[in-house]
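Colleague: Sharing a structure, written as structure tokens. Questions coming.
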Amino acid sequence: MSDIPVEQKQPSSDLEKDLIGAPLAQSASVRAGKVEETHDDDEFEVFKRGEGDVDFRTVGWIRASVIFLKIIFATGVLAIPSAYASLGALQGALNVLGWCALNTYTGVILGNFRNRHAGCHSVADMAGVIGGPILREGAGLLFAAAYVICAASGIIGSTAALNALSEHTICTMWFAFIVTIVVAAMASARKFETMSYFTWAGFFSVFVAVFIVVVGVAVRDRPAAAPRTGDFDLGYHVIGHPSFAGGITAAANIFSSSAGTSAMLPVISEMKNPKDYKKALYLCMGFVTSAYLAFSLVVYAYCGEWIASPSLGSAGPLIKKISYGIGLLGLLVTPALYTHCAAKYCFVRILRNSQHLQRSTFVHFATWLGCTVVLSAIALILAAAIPIFDYIIALAGSVCFAPLAIMLPACLWMYDFMEYRRGTLLEKGAFYAHGAMFVLGVFMMVGGTYGTVASIVDAYAQGTVGSAFSCADNSGSSG
């Protein structure tokens, strides 16, 4: 690279393509999973630092951990308790522990691979390293689709909050439209540094709201959704016996609740020191695992099968209004953050090889705002078309997160450690264990999609959910 003038701020298109996926110098320890200071950060990273450029790399690891927390600890915590109603307490708890542990590990794989290979802004770039342009575009499409679907689930949760607070004073579709405008406006902040201010407030509001519901269900003599008088079956089971469709949908719900590690990669690209990402990841996933396990077990123990969806409505009308009122900000920040992640991928994909990527030009702003507005509109359409909170989370987990959070990380690890295939017995075991992880991802994608679609069809057939684009109350506040 010595023939490149020092004063050049934007790499040429050909040079940029050459840098994407370029491995670190041989002195970096790949086998140990470490990245040494053997490269020029400005050359290695997507976002450059230079005079006249917008500096995107401004996020410290503490802020990154809060953004990670809001990415993970969001709509998932509201969907997990209802999954226990299908799986039972034991299988539900094991699913939470198992999926959180696996998603933490795959998050480490993604971050390590990103820091070993130049120019990897998202999972799409990483897929391109191992599979070329076709796999890169396919992974990029999945990434954008995953977080637009997640944004749609956040819109559903926000409309449920507004319906609960207003006792369904207007059509739910109007609430969805209003929420989408707010989401698009918040998502339009250019940097994750700015989004971090929203995520601080959003995380704490959701956490407090969920804590209030947990306390609320524990002090009631019967679940709010249960018959008000007479005997009733709580429906609490230590070991559940779900159908395949019900079980795989519940497992996909729990899996997807902590599978958003692919959204951490664009955040890492905006960190001051990308090598600090593991600190943020471990802090985030340690807290998330503990909170998911504690909150879900308590809510299921006191509500059994009588769990509202989303679960903030499980403690009665008064607690529902209080929790939704406190958690509304967090419910709005969630789809905004997901939309920002998807829009940032599209934005970088479009402007990557141009001077407009980091210059405050008309093209820069038009492209960025166009991405956020269009993706917000798509999320609104999905929220209206599939107005079932649990199922839209499971759909995202099966169709998108299984490939992005299980299958792709397994392939990335095997790509970097291909020599393990002919190494020691322990190295061979590690290599083929990651092959088995890929097979698990295929099962979750195929089986989870089948189960979720079957559950959606059954829900419509049984009349347990309103029609698409319906004005009906989705909070259970009106009779």
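Laboratory data are not the source of any read-out in this text; all were calculated from the coordinates shown. The shown structure was predicted, so the numbers you read here are calculated from the model rather than taken from an experiment. Backbone-built Cβ (ideal geometry, glycine too); neighbour counts: all protein chains shown.
Colleague: Please check the chain for the longest run free of GluC sites (Glu not before Pro) that are loop-located per DSSP (anything but H, G, I, E, B) and have at most 14 other Cβ atoms within 10 Å.
Modeller: 168-479
Colleague: Using modelled backbone amide H atoms (1.01 Å from N, in-plane), which distant-in-sequence or interchain residues come within less than 5 Å of residue 271's amide H?
Modeller: 59
Colleague: Among 120, 171, what is the fewest-to-most ranking by other Cβ atoms within 10 Å?
Modeller: Starting with the residue having the fewest Cβ neighbours, the order is 171, 120.
Colleague: Let me ask you something else. Hey, what did the chain get for relative contact order, percent, Cα under 8 Å, at least 6 apart?
Modeller: 30 percent
Colleague: Same structure, new question: Where in region 151-259 are there trypsin sites (Lys or Arg not before Pro) that are in a DSSP coil and have at most 10 other Cβ atoms within 10 angstrom of their Cβ?
Modeller: Here the sparse-neighbourhood loop sites are 228.
Colleague: Any idea what the dipole of region 56-462 comes to, in debye rounded to 20, about its Cα centre with Lys/Arg Cβ at +1 and Asp/Glu Cβ at -1?
Modeller: That gives a dipole near 1240 debye.
Colleague: What is the sum of charges, Lys and Arg at +1 and Asp and Glu at -1, for the other residues whose Cβ falls under 11 Å from the Cβ of residue 270?
Modeller: +3
Colleague: Follow-up question, since we're still on this one. Say each of residue 218 and residue 377 gets a label point 7 Å from the Cα, pointing the same way as Cα to Cβ; how far apart are those two points in nm?
Modeller: For the pair residue 218/residue 377, the computed spacing is 4.7 nm.
Colleague: Given 37 °C and 0.692 mPa s, how large is the Stokes-Einstein diffusion coefficient of region 189-272 in µm²/s, with Rh as the Kirkwood radius over Cα pairs?
Modeller: So the translational diffusion coefficient is about 190 µm²/s.
Colleague: Rounded, prolate or oblate: which one fits region 352-420, using the alpha carbon gyration tensor with axes a ≥ b ≥ c (rounded when a/c is under 1.5, else prolate when a/b beats b/c, else oblate)?
Modeller: In terms of gyration-tensor shape, oblate.
Colleague: Sticking with this structure for a sec: Where Lys and Arg each count +1 and Asp and Glu each count -1, what net charge lies around residue 198 among other residues with Cβ under 14 Å from its Cβ?
Modeller: +3
Colleague: Mind listing which chymotrypsin sites (Phe, Trp or Tyr not before Pro) in region 104-160 are in a DSSP loop and have 14 or fewer other Cβ atoms within 10 Å?
Modeller: Passing sites in region 104-160 do not exist.
Colleague: Using the 10 angstrom Cβ neighbour count as an exposure proxy, how do 368, 99, 174 rank, fewest first?
Modeller: In increasing order of surrounding Cβ atoms, one gets 174, 368, 99.
Colleague: Placing +1 on the Cβ of each Lys and Arg and -1 on the Cβ of each Asp and Glu in region 56-462, which of 85, 288, 186 has its Cα farthest towards the positive end of the resulting dipole?
Modeller: Looking along the dipole axis, the top candidate is 186.
Colleague: Could you compute how fast the chain diffuses translationally, taking Rh as the Kirkwood radius over C-alpha pairs and applying Stokes-Einstein at 20 °C with viscosity 1.002 mPa s? Give it in µm² per second.
Modeller: In µm²/s, the coefficient rounds to 94.
Colleague: Past 31 Å, Cα to Cα: identify those pairs from 191/278; 321/344; 279/428, in the order given.
Modeller: Pairs exceeding the cut-off: 321/344.
Colleague: Can you sort 434, 117, 241 so the residue with the fewest Cβ neighbours within 10 Å comes first?
Modeller: Final ranking by Cβ density, sparse to dense: 241, 434, 117.
Colleague: Chymotrypsin sites (Phe, Trp or Tyr not before Pro), restricted to region 183-234: which are DSSP loop and have at most 15 other Cβ atoms within 10 Å?
Modeller: For chymotrypsin sites (Phe, Trp or Tyr not before Pro) across region 183-234 that sit outside H, G, I, E and B with at most 15 neighbouring Cβ atoms in 10 Å, the list reads 232.
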